[in-house]
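Just below is one structure, and these are the notes that go with it.
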């Protein structure tokens, strides 16, 4: 089944208030900036955003935070040298931020995509991060039980797609995008180009079964 190729505005048109939004990206690599910008133009509210970092400057996810669209941010690395907007939103109480170790965040999203009941990790055990989390003992060793993370929508950024929605990433784009693509009800992929003849099966990083909509750089 071929996937619809839409503009960014069309692709995000049914993202509703209070949705859980998953987003790929490792710093600037594999960051679905254009999808964030299209969503910001819609004026949605009450979103929960799950991503590695909270955006850069005043664009993308940072713009959503400045506009008051994001109610809760779950991330590992929220602040950069020019991210005063996120700090101000947290300190003023407009944004609820949950910090999560990067590996734990990745595994929790992977568990959500794989249909697992959660992951066991020793990272954060005995620290502030463990407060309110369930501790499970296996073989005499304590672990934190981290629940799976899923979302209604995922924004991902890939280098290439074919008409069936199979995706190929370049370099650091693979860090979080494949995990996010698997863990949402609807996955929207922003890509540089579509290979109409089809991707080499050995080059596919995210199978098209996990992708619902395509947006091509420069227009459909």
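Read-outs throughout are calculated quantities, based only on the coordinates presented, and are distinct from any laboratory measurement. None of these values were measured; they are calculated from a predicted model. Cβ atoms come from the backbone with ideal geometry, glycine included; neighbour counts cover every protein chain shown.
Below are the figures for this structure:
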| read-out | value |
| --- | --- |
| Ordering of 84-93, 122-131 by packing [mean C-beta count within 10 Å, highest first] | 84-93, 122-131 |
| Among beta bridges that DSSP assigns inside region 115-220, antiparallel share in %, nearest 5 | 45 percent |
| Cα gyration tensor shape for region 101-176, rounded if a/c is under 1.5, else prolate or oblate | prolate |
| Spin-label proximity, residue 138 to region 160-192 - amide N less than 16 Å from point 7 Å beyond Cα toward beta carbon | none |
| Stokes-Einstein D for region 1-48, Kirkwood Rh over Cα pairs, 4 °C, 1.567 mPa s (µm²/s) | 109 µm²/s |
| Cα-based Rg of region 180-220 normalised by 2.2 N^0.38 Å, two decimals | 1.20 |
| Antiparallel bridge percentage (DSSP; both residues within the chain; nearest 5) | 30 percent |
| P(r), alpha carbons of region 71-220 - 5 Å bins starting at zero, rounded % | 2, 9, 15, 16, 15, 15, 12, 8, 5, 2, 0, 0 |
| Principal-axis tilt of helix 33-42 within the chain, Cα atoms, nearest 10 degrees | 90 degrees |
| Peptides 58-70, 172-184 ordered by average Cβ neighbours within 10 Å, highest first | 172-184, 58-70 |
| Volume of the Cα convex hull of region 156-199, divided per residue and given in Å³ | 60 Å³ |
| Whole-number percent relative contact order across the chain, with pairs defined as alpha carbons under 8 Å at least 6 apart | 24 percent |
| Two-decimal ratio, region 55-117, of alpha-carbon radius of gyration to 2.2 N^0.38 Å | 1.23 |
| Global size of region 138-220 as Cα Rg and Dmax, reported in angstrom | 15.3, 56 |
| Computed log₁₀ I(q)/I(0) - Debye formula, equal Cα scatterers, no solvent, region 1-145, q 0.19 Å⁻¹ | -1.17 |
| Per-peptide average of other Cβ atoms within 10 Å, ordering 2-14, 195-207, 38-50 highest first | 38-50, 2-14, 195-207 |
| For region 106-145, diffusion coefficient by Stokes-Einstein and Kirkwood Rh (Cα), 20 °C, 1.002 mPa s, µm²/s | 199 µm²/s |
| Distance in nm between pseudo-label sites at residue 58 and residue 13 (7 Å out along the Cβ direction from Cα) | 3.0 nm |
